[in-house]
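The values are calculated or read from the model by the stated rules, or taken from the named source; none is laboratory data. Bear in mind the structure is a predicted one, so any value in this text is a computation, not a measurement. Backbone-built Cβ (ideal geometry, glycine too); neighbour counts: all protein chains shown.
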Amino acid sequence: MGYRDIYQGWRDDPEGFWLEQARAIDWDVAPTRALNDSRAPFYTWFDDAMGNTCHNAVDRHVAAGRGDQPAIIWDSPMTGSKSTTTFTQLQEQTARLAGALAARGVVKGDRVIIYMPMVPEALVAMLACTRIGAVHSVVFGGFSAHELAKRLDDATPKAVIAGSCGLEPGRVVAYKPLLDGAIAEARHQPEFCVIFQRDQQRADLTEGRDIDWHAFQEGAAPAPCLPVEGSHPAYILYTSGTTGQPKGVVRATAGHMVGLHWTMKNVYNVDPGDVFWAASDVGWVVGHSYICYAPLLAGNTTVVFEGKPVGTPDAGTFWRVISEHNVRSFFTAPTAFRAIKREDPDCRCLEEYDISCLRILYLAGERADPDTVEWAQRHLQIPVIDHWWQTETGYTIVGNPMGIEPLPVKVGSPTVPMPGYDVQILDEAGHPVPPGTLGAIALKLPLPPGTLPTLWQAEDRFRKAYLDHFPGYYETGDAGYVDEDGYVFIMARTDDVINVAGHRLSTGAMEEVLAGHPDVAECAVIGVADPVKGQVPMGLICLSKGVEKPHAEIEAECVARVRERIGPVASFRLCKVVERLPKTRSGKILRATMGKIADGETFKAPATIDDPAILDEIAAALRALDYPAR
Ligand code: COA
Ligand code: AMP
């Protein structure tokens with residue numbers, strides 16, 4: 001069957017389609033129904049089923065005779081180390097850690113925060129939690145202590161599992177002081193912390209609270225997999241919204257397994273036993289879905305890579321990892337390819353490696369610009385597949401179903417909606433617009449299994465953020481259009497989210513930090529174009545009356561403040577004092593117009609602008625800033 005038949009098959013009988021996909025999962029109690037819409041617009045999936053994620057990702061493969069197959073290949077150019085963990089070893093490791101957590105009183109439903117670098121133990125920790133029904137929340141290592149504190153207060157974990165440090169080119173990032181700082185700041189206190197000590201920087205343990213990873217597990221009885229209800233949360237993953245308070249995206253167990261499992265063959269075209277590599281970080285959704293859960297659920301070998309596309313040690317690292325580990329399908333963000341292309345424009349490093357094992361390159365996380373896609377196609381000589389999704393959905397909304405039927409690629413489009421997703425382009429009033437017309441991208445409810453059922457302890461916010469604007473739809477926050485052939489084009493965000501090196505960040509959160517500077521009266525943060533990172537944030541600040549400090553000093557303090565309060569991942573380096581900010585007559589700051597000025601694009605001042613002269617002032621101020629787009 002081709003894509004159109006399968007998509008139509010889902011439309012005609014969604015219940016039958018998803019129950020059929022659920023047969024790929026090993027259940028303790030199989031689902032008798034797929035969708036529960038009794039609380040619409042809040043939906044749940046497979047909620048009469050019982051099952052366990054760790055069982056399906058690990059134990060099941062051991063039982064089926066795959067115990068000696070590598071489950072995880074760790075490749076760390078940062079430390080010069082490599083290792084392989086088989087499914088049997090992964091089973092032993094997750095069972096032991098789960099047993100130790102259970103012995104310390106962690107029970108089903110308890111939250112556990114995981115703050116770890118790209119080491120296999122991060123996956124062991126995630127799987128150990130799901131093994132006993134504990135709900136993990138992984139926090140990305142590039143966030144500050146303050147961001148970690150927010151997540152501690154929101155998720156209220158019983159325990160934290162952390163690495164002693166992460167490794168970035170040229171520096172060791174000591175995680176433990178960040179964790180200590182976060183715990184000191186947070187209202188909620190975890191009962192205990194398990195610390196995975198790395199040789200690059202060992203951490204001092206706090207007596208009575210911190211326990212060494214190995215000591216913690218010594219003598220622990222291995223824990224079996226605990227069957228949980230289909231709607232039981234497998235994890236919470238915080239993502240950026242419009243404010244400084246991150247949104248806790250909830251992932252329900254059954255739908256997560258069913259949805260992800262479906263993608264491994266149909267989207268990524270790999271079979272059990274194939275090696276799959278997503279070069280991302282466990283702290284992001286790509287890491288959750290495609291470093292940890294989906295490849296393991298499908299019986300693939302997953303690569304955990306601790307390094308960067310360039311500089312660890314050179315622009316050939318990706319090709320080395322692909323050839324050395326026999327990677328079949330590879331997934332990364334366009335920014336990684338832009339970094340390689342800048343460093344090695346003719347892709348000379350590739351000459352040293354045989355990457356004929358690689359069949360398809362997948363890109364997501366930000367808009368795949370045609371230059372980057374064409375460069376990758378030219379040098380790799382394989383299909384380069386863009387696909388569009390979000391933390392909230394957990395897997396592809398719009399993609400090219402390579403395992404069903406490769407559809408012709410239109411560069412600039414992630415291709416077509418996957419079964420489960422009814423993608424509509426709406427005007428401001430919520431009416432569908434004709435093909436080729438730009439509008440808000442919305443998904444008709446219900447969303448498919450595995451997508452967020454709600455936000456962690458914030459059902460009201462879930463409704464307001466996603467459901468209220470277009471009743472009957474989920475609002476994606478992206479704008480775009482669908483062409484005559486049904487291809488979807490993603491053009492921009494409609495909210496205050498920007499995409500920096502494939503990382504989703506909130507300009508609203510940065511504005512909150514800048515506004516907290518004692519000399520700042522008013523501010524705006526906009527995303528400006530960057531040749532490698534896609535976008536970087538830029539802060540424009542107005543000072544309070546009577547401030548006499550040199551502007552450069554305040555600007556530097558603001559830069560330091562964002563790094564300290566949000567983290568280095570914000571890549572906040574551009575900050576400029578301006579006299580006034582352009583606004584509409586009703587007082588709304590014209591961020592989009594400033595963005596266009598910053599990027600040197602032509603723009604039209606909105607008719608509602610209060611004082612058009614301010615735009616010239618902004619343009620003059622930006623001329624003084626040294627950044628790529630200028
Ligand atoms: N822990 C601590 N700090 C981290 C970190 C982590 N896990 N990840 C990044 N940082 C820090 C970096 O060291 C850097 O700090 P600096 O300001 O002191 O240099 C800062 O955060 C910004 O990091 P990054 O955005 O990674 O920029 P970079 O200049 O180091 O590298 C790229 C640029 C394009 C090579 C890099 O962003 C990349 O590989 N991106 C791949 C995209 C990706 O994985 N996206 C995930 C979604 S698919
Ligand atoms: P995240 O939740 O971090 O995965 O970020 C999701 C957002 O990244 C989306 O809402 C889009 O704005 C953007 N994005 C992800 N994939 C793509 C893509 N293939 N093309 C364009 N934008 C994308």
Tell me whether the stretch 232-250 contains one or more residues that are modelled with pLDDT of 95 or more, touching a Pro at 6+ places or on another chain (Cβ under 8 Å) and within 30 Å of Lys341 (Cα to Cα). yes
Only one of Val423, Val528 is in contact (Cβ under 8 Å) with a residue 12 or more places away in the chain, among the β-branched types (Val, Ile, Thr) and surrounded by fewer than 21 Cβ atoms within 10 Å (Cβ to Cβ), namely Val423
Have a look at Ala223, Ala203, Ala159, Ala149 and point out the one that is small (Gly, Ala, Ser), free of Cβ contacts under 8 Å to residues at least 40 places away in the same chain, surrounded by 19 or more Cβ atoms within 10 Å (Cβ to Cβ) and in contact with a Leu (Cβ under 9 Å, 6 or more places away or on another chain). Ala203
Given Gly133, Gly142, which one is small (Gly, Ala, Ser) and either without any contact (Cβ under 8 Å) to a residue 12 or more places away in the chain or within 16 Å of ligand 1 (Cβ to nearest atom) (or both)? Gly142
Any residue that is touching a helix residue (DSSP H, G or I) at 6+ places or on another chain (Cβ under 9 Å), in a helix (DSSP H, G or I) and not polar (S, T, N, Q) - is there at least one of those in the stretch 37-53? no
Consider Glu374 against the criteria (1) of a type outside the set (Lys, Arg); (2) part of a loop (DSSP other than H, G, I, E, B); (3) free of Cβ contacts under 8 Å to residues at least 60 places away in the same chain; (4) away from ligand 1 (no atom under 15 Å from the Cβ): it satisfies all of them except one. Which criterion is unmet? (2)
For the stretch 505-523, give me each residue that is surrounded by fewer than 20 Cβ atoms within 10 Å (Cβ to Cβ) and within 16 Å of ligand 2 (Cβ to nearest atom). Gly508
Give me the pairs, please: first residue somewhere in the stretch 282-300 and over 16 Å from Trp389 (Cβ atoms), second residue anywhere and acidic (Asp, Glu) and surrounded by fewer than 24 Cβ atoms within 10 Å (Cβ to Cβ), beta-carbon distance under 6 Å, and either six or more positions apart or on two chains. Asn300/Asp274
The condition from (1) touching a residue at least 24 places away in the same chain (Cβ under 8 Å); (2) within 16 Å of ligand 1 (Cβ to nearest atom) that Pro345 misses is numbered (1)
Of (1) in contact (Cβ under 8 Å) with a residue 40 or more places away in the chain; (2) crowded, with 21+ Cβ neighbours inside 10 Å; (3) in contact with a Leu (Cβ under 7 Å, 6 or more places away or on another chain); (4) over 15 Å from Thr242 (Cα atoms), Gly539 satisfies every one except (1)
I'd like to check something: does the stretch 384-399 contain any residue that is surrounded by fewer than 18 Cβ atoms within 10 Å (Cβ to Cβ) and either assigned to a loop (DSSP other than H, G, I, E, B) or of a type in the set (Val, Ile, Thr) (or both)? no
Could you identify the single residue in Leu101, Leu123, Leu148 that is of a type outside the set (Val, Ile, Thr), within 21 Å of Pro224 (Cβ to Cβ) and within 18 Å of the chain's Cα centre (by Cα)? Leu123
State whether one or more residues within the stretch 538-552 are within 16 Å of ligand 1 (Cβ to nearest atom), under 30 Å from Val172 (Cβ atoms) and touching a Phe, Trp or Tyr at 6+ places or on another chain (Cβ under 8 Å). yes
What residue, among those in the stretch 287-326 that are polar (S, T, N, Q) and over 14 Å from Pro70 (Cα atoms), is surrounded by the most Cβ atoms within 10 Å (Cβ to Cβ)? Ser289
For the stretch 483-495, indicate whether the set of residues that are under 19 Å from the mean Cα position of the chain (by Cα) and buried (at least 22 other Cβ atoms within 10 Å of the Cβ) is non-empty. no
Does Ala182 qualify as being more than 16 Å from ligand 2 (Cβ to nearest atom), under 30 Å from Gly508 (Cβ atoms), hydrophobic (A, V, I, L, M, F, W, C) and free of Cβ contacts under 8 Å to residues at least 40 places away in the same chain? yes
Say we look at the stretch 356-379 and pick out the residues that are hydrophobic (A, V, I, L, M, F, W, C) and buried (at least 20 other Cβ atoms within 10 Å of the Cβ); which of these is nearest to Glu405 (Cα to Cα)? Ile360
